[in-house]
1. Does region 87-100 contain at least one residue that is surrounded by fewer than 16 Cβ atoms within 10 Å (Cβ to Cβ) and closer than 30 Å to Y43 by Cβ?
2. Which condition number in (1) modelled with pLDDT under 85; (2) under 20 Å from the mean Cα position of the chain (by Cα); (3) among the hydroxyl-bearing types (S, T, Y) is the one that T111 fails?
3. Looking at region 123-152, I want the residues that are under 15 Å from V165 (Cβ atoms) and of a type in the set (K, R) and have a partner that is surrounded by 11 or more Cβ atoms within 10 Å (Cβ to Cβ) and at pLDDT 95 or above with Cβ atoms under 6 Å, at least 6 apart or on another chain. Which pairs are those?
4. Please work out which residue is modelled with the highest pLDDT, limiting yourself to region 143-173 and to residues that are hydrophobic (A, V, I, L, M, F, W, C) and surrounded by fewer than 15 Cβ atoms within 10 Å (Cβ to Cβ).
5. Search region 187-213 for residues being assigned to a helix (DSSP H, G or I), at pLDDT below 85 and not hydroxyl-bearing (S, T, Y), and hand back the single one that is farthest from P70 (Cα to Cα).
6. Restricting the search to region 3-15, which residues are in a helix (DSSP H, G or I) and surrounded by 12 or more Cβ atoms within 10 Å (Cβ to Cβ)?
7. Name the helices (runs of 4 or more DSSP H) wholly within region 25-109 that hold at least 1 residues that are within 19 Å of Y159 (Cβ to Cβ)?
8. Can you pull out every residue in region 16-69 that is at pLDDT 90 or above and loosely packed, with under 15 Cβ neighbours inside 10 Å?
Amino acid sequence: MPLLEKLLRSKVVIWILIVLPGLWPAWPIFRQDFTVLADPLKYILHHLGFVACLLLAIVLTFTPLRILFPRSGVALALNRHRRLVGVSAFAYATLHFTTHILYVYDGAFATLRSELQKPFQLTGLAALAILLVLAITSLPAAIRWLGGKRWKNLHRLAYVAAGLVAYHQAIARKIFPLQVLWIFVPLLLLEIARIVKQRRNSAGLRTAVRPAP
């Protein structure tokens, strides 16, 4: 078994890859980076949101990678951790939202209410609500309770959450952040390639089973 595939099969390795990005803000703060120390809570807020977006995009690439490269041991190894990475995206999104509450709250709930009514905040909250539902229903018991088909249809809402998150990140700043493109364009290209391959396979199957004249 190749080393990369072996590493990606390990839950310990995946846990490390998930947790380390969350600890990254400690480094510039420890180094007394004044660009960070000027507003450390804002830095942490943006960083947690970035990691949440990245994990959501990453977990959504697992299925197209498996379909596009069905014999790839790396793609199969990654798919073993879909639930872990998906729930981690929700966890980071929750930390991001909590940090935002701490950042904008000035002791008056009216300020907090007006802040949360902004369009980009509403889309972020909608995405967080979807991720909460998906995290709760990621347990095996939920699959048995909902049934495979309904569970699969429900978890397609992850793509809706990704769209909302992309909008949330793009509109949250006055300057369009290129990181939105870096995160979500590769996912979009993989999904297009997956759809094309599945349609070709379906067309080939229909041709193969068509009765001879």
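1. Yes, the conditions are met somewhere in region 87-100.
2. Of (1) modelled with pLDDT under 85; (2) under 20 Å from the mean Cα position of the chain (by Cα); (3) among the hydroxyl-bearing types (S, T, Y), only one is false for T111: (2).
3. Nothing qualifies.
4. That would be V160.
5. Only one residue fits best here, namely V209.
6. Of everything in region 3-15, those that are in a helix (DSSP H, G or I) and surrounded by 12 or more Cβ atoms within 10 Å (Cβ to Cβ) turn out to be E5, K6, L7, L8, R9, V13, I14, W15.
7. 40-68, 73-79, 82-104
8. Residues satisfying the conditions are I16, V19, L20, F69.
The values are calculated or read from the model by the stated rules, or taken from the named source; none is laboratory data. From a predicted model like this one, the values you see are computed outputs, not experimental measurements. FYI the Cβ positions are ideal-geometry reconstructions off the backbone, even for glycines, and counts take in every protein chain you see.
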